[in-house]
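Visitor: One structure is given below, represented as structure tokens, and several questions about it will come after.
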């Protein structure tokens with residue numbers, strides 16, 4: 001996506017938020033367990049080509065108007081949605097479908113996609129992103145969701161095995177915590193959305209909160225691949241984008257040039273870090289999600 005968008009902008013010199021100590025103390029006290037700082041490698045980024053069919057779909061109850069788009073979705077041959085071996089959503093998970101179509105310069109991201117046949121598709125919220133657009137701070141629209149609860153794109157916040165193999169990640173990373181530990185009814189930039197499910201106190205991070213690994217944190221004991229990730233966390237930070245238990249989500253290596261095994265990064269290789277190793281970057285004032293409503297023209301084709 002456009003190089004000037006927030007997640008592509010370094011924040012290693014940005015000021016610390018006034019409530020940083022409170023937020024970090026809250027996370028330290030409340031967000032722990034085995035899933036803390038674990039990595040989930042389940043999100044697959046697919047690429048469409050000239051032969052990829054575009055499939056119209058029937059919106060489900062998980063598709064919101066006008067937040068979500070209704071354009072036909074590209075379904076690459078041999079691909080799959082999150083958590084499944086194909087395009088049928090049968091495991092009860094989020095079933096994200098993420099497809100880059102370079103011909104149209106678009107990124108298609110859909111929540112709870114289900115495509116049992118090329119003439120039979122249904123799905124939740126579809127967000128169509130223009131990969132060349134600079135966007136303003138409201139992205140696809142203030143108070144509007146996307147395929148992620150915070151209204152952000154997913155793919156640009158995923159670390160890939162190819163990036164780690166190259167030795168540098170040049171963007172912020174996606175992180176998640178449970179809804180009970182997300183500040184209720186609030187978000188900050190770069191987010192554009194919160195949800196009724198959030199129920200955390202004022203000390204909890206809001207959607208869009210950007211944490212930065214402190215510059216003086218010694219990461220030399222981490223595996224080399226994890227050190228590459230840690231450096232990205234120092235320079236670009238991590239952004240609260242969705243709710244769940246496993247802290248980090250990286251791209252799968254199903255269609256990448258290299259693999260996570262080859263670069264030497266496993267699901268537990270960041271667990272030596274602590275919330276207290278981070279600080280919150282100043283993102284400006286909270287926005288009260290329930291004070292507004294999404295207003296946009298959905299993309300239909």
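Visitor: Given the options 212, 297, 301, name the one that is modelled with pLDDT under 95 and either surrounded by fewer than 17 Cβ atoms within 10 Å (Cβ to Cβ) or within 18 Å of the chain's Cα centre (by Cα) (or both).
Guide: Of the residues listed, the single one that is modelled with pLDDT under 95 and either surrounded by fewer than 17 Cβ atoms within 10 Å (Cβ to Cβ) or within 18 Å of the chain's Cα centre (by Cα) (or both) is 301.
Visitor: Cβ contacts < 6 Å: first residue touching a residue at least 24 places away in the same chain (Cβ under 8 Å), restricted to region 101-122; second residue part of a strand (DSSP E or B) and surrounded by fewer than 15 Cβ atoms within 10 Å (Cβ to Cβ), any location; separation 6+ or different chain. Result?
Guide: That search, which allows pairs on different chains as well, returns 122/58.
Visitor: Which pairs do you get when a residue that is at positive phi and without any contact (Cβ under 8 Å) to a residue 60 or more places away in the chain, found in region 79-91, comes within reach of a residue that is part of a loop (DSSP other than H, G, I, E, B) and surrounded by fewer than 21 Cβ atoms within 10 Å (Cβ to Cβ), reach meaning Cβ atoms under 6 angstrom, with the pair 6+ apart or on two chains?
Guide: 83/91; 83/93
Visitor: Just for region 215-232: of the residues that are under 20 Å from residue 28 (Cα atoms) and touching a residue at least 12 places away in the same chain (Cβ under 8 Å), which one is nearest to the chain's Cα centre (by Cα)? Walk me through it before giving the result.
Guide: Within region 215-232, the subset under 20 Å from residue 28 (Cα atoms) is 215-219, 230.
Narrowing the set further to residues that are touching a residue at least 12 places away in the same chain (Cβ under 8 Å) leaves 215, 217, 219, 230.
Numbers: 215: 23, 217: 24, 219: 24, 230: 17 Å.
The qualifying residue nearest to the chain's Cα centre (by Cα) is 230.
Visitor: A further question follows. Given 198, 192, which one is crowded, with 20+ Cβ neighbours inside 10 Å, out of contact with any strand residue (DSSP E or B) (no Cβ under 6 Å at 6 or more places or on another chain) and farther than 30 Å from residue 253 by Cα? Can you show your working first?
Guide: Values: 192 fails: farther than 30 Å from residue 253 by Cα.
Result of the check over 198, 192: 198.
Visitor: Where in region 183-258 are there strands (runs of 3 or more DSSP E), lying fully within it, with 3 or more residues that are within 25 Å of residue 166 (Cα to Cα)?
Guide: Numbers: elements: 210-213, 238-243, 248-251.
Passing ranges, in order: 210-213, 248-251.
Visitor: Something else about it: Quick one: in region 233-251, of everything that is surrounded by fewer than 21 Cβ atoms within 10 Å (Cβ to Cβ) and out of contact with any helix residue (DSSP H, G or I) (no Cβ under 6 Å at 6 or more places or on another chain), which residue is farthest from residue 27 (Cα to Cα)? It would help to see each step written out before you state the result.
Guide: Of all residues in region 233-251, those surrounded by fewer than 21 Cβ atoms within 10 Å (Cβ to Cβ) come to 234-235, 243-246.
After this cut, where a residue has to be out of contact with any helix residue (DSSP H, G or I) (no Cβ under 6 Å at 6 or more places or on another chain) as well, the list is 234-235, 244-246.
Details: 234: 18, 235: 21, 244: 14, 245: 13, 246: 14 Å.
Ranking the candidates gives 235 first.
Visitor: Shifting gears a bit: Answer yes if at least one residue in region 140-148 is outside any loop (DSSP other than H, G, I, E, B), under 26 Å from residue 186 (Cα atoms) and within 14 Å of the chain's Cα centre (by Cα), and no otherwise.
Guide: Restricting attention to region 140-148, the residues satisfying the condition of being outside any loop (DSSP other than H, G, I, E, B) are none.
For region 140-148, residues outside any loop (DSSP other than H, G, I, E, B), under 26 Å from residue 186 (Cα atoms) and within 14 Å of the chain's Cα centre (by Cα): absent.
Visitor: Does at least one position in region 226-242 carry a residue that is in contact with a strand residue (DSSP E or B) (Cβ under 6 Å, 6 or more places away or on another chain) and closer than 25 Å to residue 85 by Cβ?
Guide: yes
Visitor: Next question, about the same structure. May I ask you to verify whether residue 282 is in contact (Cβ under 8 Å) with a residue 40 or more places away in the chain, surrounded by 14 or more Cβ atoms within 10 Å (Cβ to Cβ) and over 21 Å from the mean Cα position of the chain (by Cα)?
Guide: On the way: in contact (Cβ under 8 Å) with a residue 40 or more places away in the chain: yes; surrounded by 14 or more Cβ atoms within 10 Å (Cβ to Cβ): yes; over 21 Å from the mean Cα position of the chain (by Cα): no.
Taking the combined requirement at face value, the residue does not satisfy it.
Visitor: Out of all the residues in region 105-121, which are at pLDDT 95 or above and either within 19 Å of residue 255 (Cβ to Cβ) or surrounded by fewer than 20 Cβ atoms within 10 Å (Cβ to Cβ) (or both)?
Guide: Residues satisfying the conditions are 105, 106, 107, 108, 109, 110, 113, 115.
The values are calculated or read from the model by the stated rules, or taken from the named source; none is laboratory data. Keep in mind it's a predicted model, so treat the numbers as computed, not measured. With ideal geometry, Cβ positions are generated from the backbone for all residues, glycine too; neighbour counts draw on all protein chains shown.
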